[in-house]
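Chemist: Okay, here's the structure, questions in a sec.
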Amino acid sequence: MNSTIKIVIPMAGLGTRLRPHTWSKPKQLVSVAGKAALDHVLDSLATLPDIQNAELINIVGYLGDQIECYIKENYPQMKARFVVQEDPRGQSHAIQLARQYLHGPMLIVFADTLIETDLSFLANKPAKAIAWVKPVPDPRRFGVAEVDQNGWVRRLIEKPDEMSNNLAVVGFYYFEEADDLLSAIDEQMRRGLQLKGEYFLADAINIMLERGLKMRTRQVDIWLDTGTPETLLETNRYLLEHGIDNSADVSLRQGVVVIPPVFVHPSAEVHNSILGPYVSLGAGCKVDNSIIRDSILEDEAQATGVILESSLVGRRAQLSRRAGMINAGDNTSVTL
């Protein structure tokens with residue numbers, strides 16, 4: 001790549017499906033497998049050519065100041081810009097707001113989905129545009145890419161009625177020239193192409209395809225979601241099974257049983273409890289006389305005398321004498 005690539009991450013959504021956790025923080029900062037979801041997104045970019053010179057363009061809105069502080073503190077080496085989308089009107093609208101920073105090659109990465117892919121091939125400029133896709137058994141609840149016999153994308157279709165085309169787009173795109181996308185977004189808005197008041201990126205891409213854009217697809221094997229409590233726990237299970245488990249390094253007191261895979265932050269304290277499988281404990285967590293499985297406890301959460309399964313527990317939440325499944329936001333107190 002001859003010019004600096006821009007990595008655009010739209011993050012202005014309200015995260016309503018992850019409430020109560022997103023009352024106090026953006027969904028990109030909800031924890032999964034020992035890190036914020038945003039950390040996993042940025043980790044997935046490690047193989048991008050010339051990543052050290054890339055520019056991160058963050059489209060923020062609700063509680064966006066937290067994202068700005070988090071990136072500046074944890075990624076000081078990255079050149080990061082922040083654009084505020086005060087009145088979210090869709091994906092295309094978000095990208096349009098960052099127009100002043102967008103020239104040359106760009107990636108668009110939607111931050112509530114995680115993929116595993118090797119980006120090093122982009123150094124060879126394989127196509128003018130690329131949409132990452134994953135074959136799915138039932139494509140009717142996704143957007144899909146329709147391709148011709150030579151593998152070129154004909155169009156993107158949102159929630160198709162039939163099953164023959166199963167290449168779901170995963171929210172990860174490359175464009176060799178950002179100005180071409182911005183021109184298509186302008187045309188999209190002139191035409192009023194929107195759904196339920198939002199301008200979706202697929203419509204802008206279809207305009208580019210009408211204009212002759214040569215777009216390829218790139219298949220991924222792993223596509224994870226962090227947008228709901230259920231998918232967050234599913235992603236936690238996958239990540240713990242694939243490299244995040246630190247049970248072998250966990251130093252615990254007597255009376256503690258660990259059933260891998262788990263992630264326990266070194267500063268967490270556990271006494272007289274059973275952890276696992278599929279448990280993540282954040283920094284400063286305290287767990288006493290409890291049984292916890294398939295759950296995420298964020299930083300400084302406390303659990304005393306509880307039996308938890310399939311639960312999300314926010315920062316500094318306090319649980320005691322409780323059994324079952326719970327979804328507790330930051331700074332809450334739940335006692336039986």
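The values are calculated or read from the model by the stated rules, or taken from the named source; none is laboratory data. Not measured: the values here are computed from a predicted model. In this analysis, Cβ positions are derived from the backbone assuming ideal geometry, glycine residues included, and neighbour counts consider all displayed protein chains.
Chemist: More than 23 Å from Arg89 (Cβ to Cβ), assigned to a loop (DSSP other than H, G, I, E, B), under 15 Å from the mean Cα position of the chain (by Cα) and not β-branched (Val, Ile, Thr) - does that describe any residue in segment 27-38?
Modeler: yes
Chemist: If a residue has to be within 11 Å of Val60 (Cβ to Cβ) and polar (S, T, N, Q) to count, how many in segment 81-110 make the cut?
Modeler: Here the count works out to 1.
Chemist: Here is a further query. Tell me yes or no: at least one residue of segment 93-111 is under 20 Å from Lys25 (Cα atoms) and surrounded by fewer than 16 Cβ atoms within 10 Å (Cβ to Cβ).
Modeler: no
Chemist: Give me a count of the residues in segment 158-206 that are over 18 Å from Asp112 (Cα atoms), in contact with a strand residue (DSSP E or B) (Cβ under 9 Å, 6 or more places away or on another chain) and of a type in the set (A, V, I, L, M).
Modeler: 5
Chemist: Related question: Do any strands (runs of 3 or more DSSP E) entirely within segment 294-336 hold 2 or more residues that are buried (at least 19 other Cβ atoms within 10 Å of the Cβ), and if so, which?
Modeler: Counting at least 2 such residues, we get 302-304, 307-313.
Chemist: Next question. Any residue in segment 154-172 that's assigned by TED's automatic domain parsing to the domain that holds Leu119: show its pairings with residues that are hydroxyl-bearing (Ser, Thr, Tyr) and buried (at least 16 other Cβ atoms within 10 Å of the Cβ) at Cβ separation under 9 Å, as long as the two are six or more apart or on different chains.
Modeler: Taking only residues 6 or more apart or on different chains, the pairs are Leu167/Thr217; Val169/Thr217; Val170/Thr113; Gly171/Thr113; Phe172/Ser44; Phe172/Thr113; Phe172/Thr117.
Chemist: So Met208 clears everything in (1) under 23 Å from the mean Cα position of the chain (by Cα); (2) in a helix (DSSP H, G or I); (3) surrounded by 18 or more Cβ atoms within 10 Å (Cβ to Cβ) except one condition, right? Which one?
Modeler: (1)
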